[in-house]
Amino acid sequence: MTYSYNRQASPFIPHTFQKKVEILDGIPRVLISPKAYSMMWNIVDIGDQEVGWLGAVSRKGRDFMIEEVFLCKQKVTGTTCELTPTGIAELVDGLCRERPDGMDVGSRLLFWGHSHVNMGTSPSGQDEAQMALFESQELEFFIRGILNKNGRMEFAIFLYESGVKIVDAEWAIYQPVDKSLRSAIEAEFKEKVQTQSDSFFSGIRDTLTGSGSSSRSKSAWNANSSSSKLTKPVAPAKPVAPVAPAKPVTPTEAVTPVAPTESVTPVTPTEAVIVVDPSDNPPKGFDVNDPDVEYDPESGQWYSKTVGKPNAH
Ligand SMILES: [Zn+2]
């Protein structure tokens, strides 16, 4: 006789769903170029009405980068701003005529920002209706920014394709390194920075014994050296703790914290983080002297503690 638990399956029926959303790689942020940041600040500063603008957006890994912003023709009142289709079309036409990359930039105008002047940065009913309109254009995503004169800048990222809206998304200013400076700095570096062994301690010894290079004692720094001569030997500096893992040598991209101006609330240190481009391995832009930066032996990568450990692949 066989003994079996193989009972007949019940038909599948929907249960009470959790409907949770888990973010795999961190919540997308809004990155802002210094140029776009300055332009938006000036627009907000100048306008005493609800002026709006559009911006060109690109993807940086999981994040969204506002590269440039553009004012377009509009009718404003104290409490509303209307970006007319004609105004937007004129802007795109102008870009295509005046810039070789105008077509590309015009196709990436996926950021709409506007000033609430002295009011809070929560969206109005009209602001929400505007975003629903963009959704009906079958766009993949769109970013909305609401700013005010109190130094507040609030972004929402609408991920239309996945039906997710990121409310009050984290933002940071993103400053790619200007590599065009490199050759000039390299030349200066070669001229001024020399590798030499024992130079520091022999310099100290010379000071103690009164011997050594005469050019040194003639310098302005040593003008009073006879009266301020050291009498005690100087203890050697503590040896530097060895640093095991190789570090990224040439940082090419980094985020600068928000430059504090009178009218902008400074960003707290946890917000002004180093931007880690997930495609970089090892990630660039790390300052290994930054206490926030740590080596993760598990993944073999450097990472920002604020941003979190990279995934081990
Ligand atoms: Zn508004």
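First check a/c for segment 30-173, with a ≥ b ≥ c the square roots of the eigenvalues of its C-alpha gyration tensor; if it is under 1.5, answer rounded, and if not, answer prolate when a/b is larger than b/c or oblate otherwise.
Rounded, because the longest to shortest axis ratio a/c is under 1.5.
Run the dipole for segment 30-173 about the Cα centre, Lys and Arg Cβ at +1, Asp and Glu Cβ at -1, nothing else charged, and hand back the magnitude in debye, nearest 20. Mind dumping the intermediate values first?
Working: 13 positive and 21 negative charges, 49 e Å.
Taking the Cα centre of segment 30-173 as origin, the dipole is about 240 debye.
Normalised by the number of residues in segment 30-173, what is the relative contact order in percent for Cα pairs under 8 Å and 6+ residues apart? Please report the intermediate quantities before stating the final value.
On the way: 269 pairs, mean separation 33.8, N = 144.
The normalised contact order for segment 30-173 reaches 23 percent.
Taking segment 8-57, which trypsin sites (Lys or Arg not before Pro) meet the DSSP loop condition and have no more than 15 other C-beta atoms within 10 Å?
Listed in order of number, the matching sites are LYS19, LYS20.
Would you work out which of GLY106, SER33, GLY47 lies farthest towards the positive end of the dipole of segment 1-156? Charges go on Cβ: Lys and Arg +1, Asp and Glu -1.
So the residue furthest toward the plus end is SER33.
Quick check: pseudo-label points 7 Å beyond the Cα along Cα→Cβ at ASP101 and SER38, how many nm apart are they?
1.7
With each pseudo-label sitting 7 Å past Cα toward Cβ, what's the ILE185-PHE17 distance in nm, one decimal?
Result: 5.1 nm between the two label points.
Here, each number is a calculation from the coordinates, and none is a lab measurement. Note that the coordinates shown come from a computational prediction; the quantities given were computed from them, not determined experimentally. Using ideal geometry, Cβ is built from the backbone for each residue, glycine included, and neighbour counts are taken over all protein chains shown.
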